[in-house]
Amino acid sequence: MQEIVTLAQDPAAWIALVTLVVMEVVLGIDNLIFISILTNKLPAENREKARRIGIGLALIMRLALLGTIAWIVQLTQPVFELFGHGFSWKDLILIAGGLFLVWKATKEIHHNVDPVDHKEDMVGGAAINSFASAIGQILLLDLVFSVDSIITAVGMTPHLPVMVVAVVIAVAVMLLAATPLANFIERNPTIVMLALAFLLMIGTTLIAEGMGFHVPKGYVYAAMAFSGLVEVLNMVARNRRQRTGKH
């Protein structure tokens, strides 16, 4: 309790908190895009519930990982070496998550390009409407993004209360933004392809990070922002052409 009071009176702790919240929200965008696309494949009555459960599990997982900070830090220690590069458990988790994202995004892009081929559906055949399948896939990606998120938090501040507050605020923002984002994606089919391209890029970035090739996050998010701006301009142009056609 005394530590919390001391931190509340420390301007540096508040600066660290604001910075960390912003970082956690930005890092959560990747997870949120995946959750939005995946839950939109479910029946309408199950979507909101799946999003809340998925994001709730993300919060529980991140708080649980914060309770094992000493173990999380050890995940960055190399466990074996291959081709002159030491691979840690964090690297292996990032590579596995990246491969999963690339596979999922590629499957769904194929399905969007060739919707007749139902065998290539993102969730897979009869499992497309499976609530449990969607939660399982969300949980898998939650694990990858949670480990990356917590290691980022540990690197930015040594104070556990600051990390906990930042994680709770960031997940609360994700919870508020999940449904509007999912609805926006559903109303604009071209956004789906753009979001899938983002997931493909994010998956590739995770694999590169796991292999030891650092990709500055600023470049990734700048590319996403630029692509999003271009798509917004396309949407405005389409809407104006439609209004002109009606008149």
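Any read-out appearing in this document is the output of simple, stated calculations on the displayed coordinates, not a laboratory observation. Quick caveat, the model's predicted, so the values are computed rather than measured. Backbone-built Cβ (ideal geometry, glycine too); neighbour counts: all protein chains shown.
Listing for the model above:
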| quantity | calculated |
| --- | --- |
| Nearest 10 degrees, 0 to 90: helix 160-187 Cα axis against the chain principal axis | 0 |
| Exposure proxy ranking, count of Cβ atoms within 10 Å, fewest first, for THR205, THR244 | THR244, THR205 |
| Charge dipole (debye, nearest 20) of the chain; +1 at Cβ of Lys and Arg, -1 at Cβ of Asp and Glu | 960 |
| Helix-derived mean residue ellipticity, 222 nm - over the chain, DSSP H n ≥ 4, -39500 (n - 2.57), to 500 | -27500 deg cm²/dmol |
| Residue-count net charge about ALA134 - beta-carbon cut-off 11 Å; Lys, Arg +1, Asp, Glu -1 | +4 |
